[in-house]
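Single-structure report; data block below.
The values are calculated or read from the model by the stated rules, or taken from the named source; none is laboratory data. Bear in mind the structure is a predicted one, so any value in this text is a computation, not a measurement. Cβ placement follows ideal geometry from the backbone for every residue including glycine, while neighbour counts extend to all protein chains displayed. Areas reflect the complete protein model, heavy atoms only, side chains present, ligands, DNA and RNA absent. Shrake-Rupley method; radii C 1.70, N 1.55, O 1.52, S 1.80 Å.
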Amino acid sequence: MASQEMEQLVRREYKEGFVTDIESDTIPPGLDEGTIAFISQRKGEPEWMLEWRLKAYHQWLKMTPPSWAHLDYPAIDYQAISYFSAPKRPEDRPQSLDEVDPKLLETYEKLGIPLHERAALAGVAVDAVFDSVSVTTTFKEKLGEAGVIFCSISEAIRDYPELIKQYLGTVVPVADNYFAALNSAVFTDGSFVFVPEGVTCPMELSTYFRINAANTGQFERTLIICENRAQVSYLEGCTAPQRDENQLHAAVVELVALEDAYIKYSTVQNWYPGDEDGKGGIYNFVTKRGDCRGDRSRISWTQVETGSAITWKYPSCVLRGKDSIGEFYSVAVTNGRQQADTGTKMIHIGEGTRSYIVSKGISAGRSNQSYRGLVKIGPRAKGARNFTQCDSLLIGDQCGAHTFPYQEIGNSTATVEHEATTSKIGEDQLFYCQSRGISEEDAVSMIVNGFCKDVFQELPMEFAVEAEALLNVTLEGAVG
Amino acid sequence: MLEVKDLHVTVEGKEILKGLSLTVNAGEVHAIMGPNGAGKSTLSAVIAGKEGYEVTSGTITFEGQDVLEMEIEERALAGMLLGFQYPVEIPGVKNIYLLKAALNAQRAANGQGDMPAPEFMKLIKSKIAEMKMDASFLQRAVNEGFSGGEKKRNEILQMLVLQPKLAMLDEIDSGLDIDAMRIVADGVNSLRAADRGILLVTHYQRLLDYIIPDRVHVLVDGRIAKSGDKELAKELESRGYDWVEEESAA
């Protein structure tokens, strides 16, 4: 993406945002039918949407939180959470960078985040940052000409009810899991993308640019649809550290790819991991799934996970269409007392389906990390193929790495390969670099980035550069 | 330039060097020879700062600086560079990236900024040609999948780029066929300079047919048992190490 375009996007989103219509009211903690009715009403939703939410809520009441993950955290009190809080008003936010925590600014500096973005990321009142030149129109026009719809999920529910009814909850059903059910009941924000038949989206779509709102959506809901021969690349998240008073995050992302469609979904996640003792960090329980419905469709997940106290996340692909392709490229870094249980599921249903998994886990400090992957080959998936490579790198001797690969092969013509390695960051590698005059810290970052290279090269360019910087910041002080 | 005095080193409680002394002056090539297990590689490893070696007594100074007080990278930045017997593989890190990082670390230590990319590429191209290496080496991960000979050439390539004041080469000839050895030896000979010291650690005399040393030292049981000129190496070739061991025991 040209930097000029980026600039335009930045301005556009920060100027206009997606949630400007919400007044500054908040509801007290607690969850019941009244809470859901309140959310639905605040969002100006039609009756059928409220019913959908309530159905999800009743489903959720019957469910119990999953306990199989290799994670250790106290039980969450769902009645102690506030399910709707409007963003801070501009006058309550810092008026300039001088009022922002210098430590935060230092991190932005290290990540190489452009100056004009730092203010917005730090939550400085938007009007104080950008002039009022509206480039919204040009941005919307460009997408509009191509026929691409990109808006908030709330807008989509109001403006494109038929598409929502047709697709919402069809990839991740309401009853899929505990957190998905909760999300379905109470989601407040998220994105909607629709790329019509034969269209390649003219720009990379990103939520990066609307992080300005203090409330980025504790329960985000994202739905992306690519019709036949349509293509889109979507970027989610931000390398800048994000703090949030909401500890629990439970997002749901649904992708639908029809015939010959291609969806590339990239995530950089850097939520607050908590203090040295792991207190106060974000719990991130995410359900992400892509449905390759059409023949020869392709869905690719790339993620760089460095934040959160707890990560529970398995971006998956359901390979229904003949010769469809699912990909998962992941780098997960844990330090301090972070815990991550992450991986993917590749469900091969159609003939000749292929999946490719590359997972790189880096554990430092006293953190714990698990890769959990399922490759399932159905009886009709003749000639299906999977390749899994799953590598763990340990830094220090107080961290842990675990691999839980599951394979269910229901078809004898399938080929499934799994490679896994666990290595300690080699003292001999460090010595080799240092004996060339390279400092220990630079040597660690060089070795770690080399370890992650296969995944980084899948990221869009501007993300890849920031992801490298992010890794270095995350692992600062991990050695020695 | 380099002065090692009465150096005692233990590894895992076992004394390997037992009072080694050695002086290397600028412009000289010294060869350290000796039977297996005599402590040849230990010497260069201790000078470079490898962990796991405990210096129980003695001193190492380089241009008047106390080497034992310096961090590993400080030693390299001061101009002491070790060519490894077994160069380490670093998956995913391009060879050219390591070279650039090392060169720029050196420049930073000298108060210079990063070398501009065109200048760097020009430098690297001339050096890889000198080592008769293909440019594709630069894009490959450091030492990953390199043959023994390629790894050793890569070590010399780094020396040619970084231009150390003291080049230490640990068994740089091991595992090389005769053609590769010639290329490596040519590289080392091109490093010879009035302001540079070279320390060669080798088990076999044959390397010294290509790199003529100024001084040859025979290391036996943790000490230098005998020193001489290039003729000493030839004598060792024909007589083996036993007679030196016997002589030094007597």
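Which value in Å is the Kirkwood Rh of segment A:258-398 over different Cα pairs?
On the way: mean 1/r = 0.0647 Å⁻¹.
Value: 15.4 Å, from the Cα pair sum.
If r is the Cβ-Cβ distance from A:Asn228 to A:Leu54 and R0 is 35 Å, what FRET efficiency results, to the nearest 0.05? Mind showing how you got there, number by number?
Details: r = 34 Å, r/R0 = 0.98.
Efficiency at R0 = 35 Å is approximately 0.55.
Over its Cα atoms, what ratio of radius of gyration to 2.2 N^0.38 Å does segment B:46-112 give?
Segment B:46-112 yields a ratio of 1.28.
Please work out the ratio of the alpha-carbon Rg of segment B:179-250 to 2.2 N^0.38 Å and round it to two decimals. Don't skip to the answer; put the middle values down first.
Numbers: Rg = 13.4 Å, N = 72, 2.2 N^0.38 = 11.2 Å.
With N residues counted in segment B:179-250, Rg over 2.2 N^0.38 Å equals 1.20.
Leaving out ligands, DNA and RNA, calculate the buried accessible area for the pair B and A with a 1.4 Å probe, summed over both sides, in Å² to the nearest 100.
Details: alone 11720 and 19850 Å², together 29670 Å².
Counting both chains, the buried surface is close to 1900 Å².
If I compute solvent accessible area with a 1.4 Å probe over the protein chains, what percent of it on the protein assembly as shown is carbon and sulfur?
47 percent
One quarter of the convex hull surface, Cα atoms only: what value does that give for segment A:307-351 in nm²?
On the way: hull surface 12.9 nm².
Hull-based average projected area comes out at 3.2 nm².
Output needed for segment B:3-85: three equivalent-ellipsoid semi-axes, defined as square roots of 5 times the C-alpha gyration tensor eigenvalues, in descending order, whole Å. Walk me through the numbers before you get to the answer.
Numbers: eigenvalues 69, 47, 33 Å².
Ellipsoid semi-axes (Å, largest first): 19, 15, 13.
Please compute the modelled spin-label separation between A:Lys279 and A:Glu33, points set 7 Å along Cα→Cβ, answer in nm with one decimal.
Spacing of the two 7 Å Cα→Cβ label points: 4.0 nm.
Going by alpha carbons, how many degrees (0 to 90, nearest 10) lie between the helix axis of B:230-239 and the longest principal axis of chain B?
60 degrees
A:Gln79 to A:Lys165: extension gain in nm, 0.36 nm per residue of separation minus the Cα-Cα distance?
Numbers: separation 86, 0.36 × 86 = 30.96 nm, distance 2.94 nm.
Between A:Gln79 and A:Lys165, full extension yields 28.0 nm more.
Against the longest principal axis of chain B, how steep is helix B:148-162, in degrees 0 to 90 to the nearest 10, with axes from Cα atoms?
Tilt relative to chain B: about 70 degrees.
Excluding residues on the same chain fewer than 8 positions from A:Lys322, give the lysines whose Cα lies under 16 Å from its Cα.
Leaving aside lysines fewer than 8 places away in the same chain, those within reach of A:Lys322 are A:Lys376, A:Lys382.
Under the Kirkwood approximation applied to all pairs of distinct alpha-carbon atoms, what is the hydrodynamic radius of segment A:390-480 in Å? Intermediate results must be reported in sequence, preceding the final value.
Details: mean 1/r = 0.0647 Å⁻¹.
Every distinct Cα pair counted, the radius reaches 15.5 Å.
So what are the ³J(HN,Hα) numbers for segment B:103-110, from phi and the Karplus equation (6.51, -1.76, 1.60; θ = phi - 60°), rounded to whole Hz, Gly and Pro as x?
Per-residue couplings from phi come out as 5, 6, 5, 5, 5, 4, 5, 9 Hz.
Please give the per residue volume of the convex hull enclosing the alpha carbon atoms of segment A:434-473, rounded to a whole number of Å³. Provide the component values of the computation, followed by the final result.
On the way: hull volume 2.5 nm³, N = 40.
It comes to 63 Å³ per residue, whole-number rounded.
For chain B, modelled as a Gaussian network with Cα springs under 10 Å, which listed residue fluctuates most, B:Thr56, B:Thr202, B:Thr42?
B:Thr56
I'd like the Karplus ³J(HN,Hα) series for segment A:422-436: coefficients 6.51, -1.76, 1.60, θ = phi - 60°, whole numbers in Hz, and an x wherever there's a Gly or Pro.
Each residue's phi maps through the Karplus curve to give 10, 9, 8, 4, x, 4, 5, 5, 4, 4, 4, 5, 5, 6, 9 Hz.
If R₀ is 30 angstrom, what is the calculated FRET efficiency for the pair B:Asp134 and B:Asp114, using the beta carbon separation as r and rounding to 0.05? Could you put the intermediate results ahead of the total?
On the way: r = 26 Å, r/R0 = 0.86.
Once the sixth-power term is evaluated, E becomes 0.70.
Over the whole of A:447-459, what's the average partner chain Cβ count within 10 Å per residue? Rounded to a whole number, please. It would help to have the intermediate numbers written out before the result.
On the way: counts 5, 2, 3, 10, 4, 1, 5, 2, 0, 1, 1, 0, 0.
Mean partner-chain Cβ count within 10 Å for A:447-459: 3.
Does segment A:258-333 come out rounded, prolate or oblate, given a ≥ b ≥ c as the square roots of the eigenvalues of its C-alpha gyration tensor, rounded meaning a/c under 1.5 and, failing that, prolate meaning a/b above b/c?
Working: a/c = 4.26, a/b = 3.20, b/c = 1.33.
Cα axes put segment A:258-333 in the prolate bin.
Report, to two decimal places, the Cα Rg of segment B:137-238 normalised by 2.2 N^0.38 Å (N = number of residues).
Details: Rg = 14.4 Å, N = 102, 2.2 N^0.38 = 12.8 Å.
Its radius of gyration relative to the 2.2 N^0.38 Å reference: 1.13.
Starting from the residue with the highest accessible area, list A:Phe38, A:Phe451, A:Phe192 in decreasing order, probe 1.4 Å. Intermediate values should be presented prior to the final figure.
Working: A:Phe38 55, A:Phe451 30, A:Phe192 0 Å².
Most to least solvent-accessible, the answer reads A:Phe38, A:Phe451, A:Phe192.
Taking 0.36 nm per residue of separation and subtracting the Cα-Cα distance, what length does fully extending B:Asp242 through B:His8 add?
Values: separation 234, 0.36 × 234 = 84.24 nm, distance 2.33 nm.
Once the chain is fully extended between B:Asp242 and B:His8, it gains 81.9 nm.
Could you name the aspartates and glutamates whose alpha carbon sits less than 12 Å from that of B:Lys152, not counting residues in the same chain fewer than 8 places away?
Leaving aside aspartates and glutamates fewer than 8 places away in the same chain, those within reach of B:Lys152 are B:Asp170, B:Glu171, B:Asp173, B:Asp177.
Using a 10 Å cut-off around each Cβ of peptide A:423-435, what is the average number of partner chain Cβ atoms that fall inside? Provide the component values of the computation, followed by the final result.
Values: counts 1, 0, 0, 3, 4, 8, 6, 4, 10, 10, 11, 10, 16.
Per-residue shielding by partner chains comes out at 6.
Enumerate the amide H contacts of A:Thr311 below 5 Å, restricted to partners 5 or more residues apart or on another chain; note that Pro and chain-start residues carry no placed amide H.
A:Asn284, A:Gln339, A:Ala340, A:Asp341
How far is the Cα center of segment B:170-231 from the Cα center of segment A:27-79, in Å?
If we compute the Cα centre of each part, the gap is 75 Å.
Kindly flag which residue pairs out of A:Lys62/A:Lys345; B:Lys94/B:Lys127; A:Lys313/A:Lys345 have an alpha-carbon separation exceeding 20 Å in this structure.
A:Lys62/A:Lys345
Tell me, which residues of segment B:76-122 get at least 50 Å² less accessible area when the other protein chains come in, versus the chain alone (1.4 Å probe)?
By number: B:Phe84, B:Val88, B:Ile90, B:Gly92, B:Leu98.
With the cut-off at 34 Å, report for the protein assembly as shown the share of all Cα pairs above it, as a whole percent.
On the way: 148050 of 266085 pairs.
That tail contains 56 percent of the Cα-Cα pairs.
Can you compute 3J(HN,Hα) from phi for each residue in segment A:285-292, using the Karplus curve 6.51 cos²θ - 1.76 cosθ + 1.60 with θ = phi - 60°, rounded to whole Hz and x for Gly and Pro?
Those phi angles translate into 10, 10, 10, 10, 8, x, 10, 7 Hz.
Between the helical axis of B:117-130 and the dominant principal axis of chain B, each derived from Cα atoms, what acute angle in degrees is found, rounded to the nearest 10?
That works out to roughly 50 degrees.
Just the Kirkwood number for chain B, please: inverse of mean 1/r across all distinct Cα pairs, in Å, one decimal. Let's see the in-between values first.
Working: mean 1/r = 0.0535 Å⁻¹.
The answer is 18.7 Å.
What nm value, rounded to one decimal, do you get for the distance between B:Ala26 and B:Ala194 when each label is placed 7 Å out toward the C-beta?
0.9 nm
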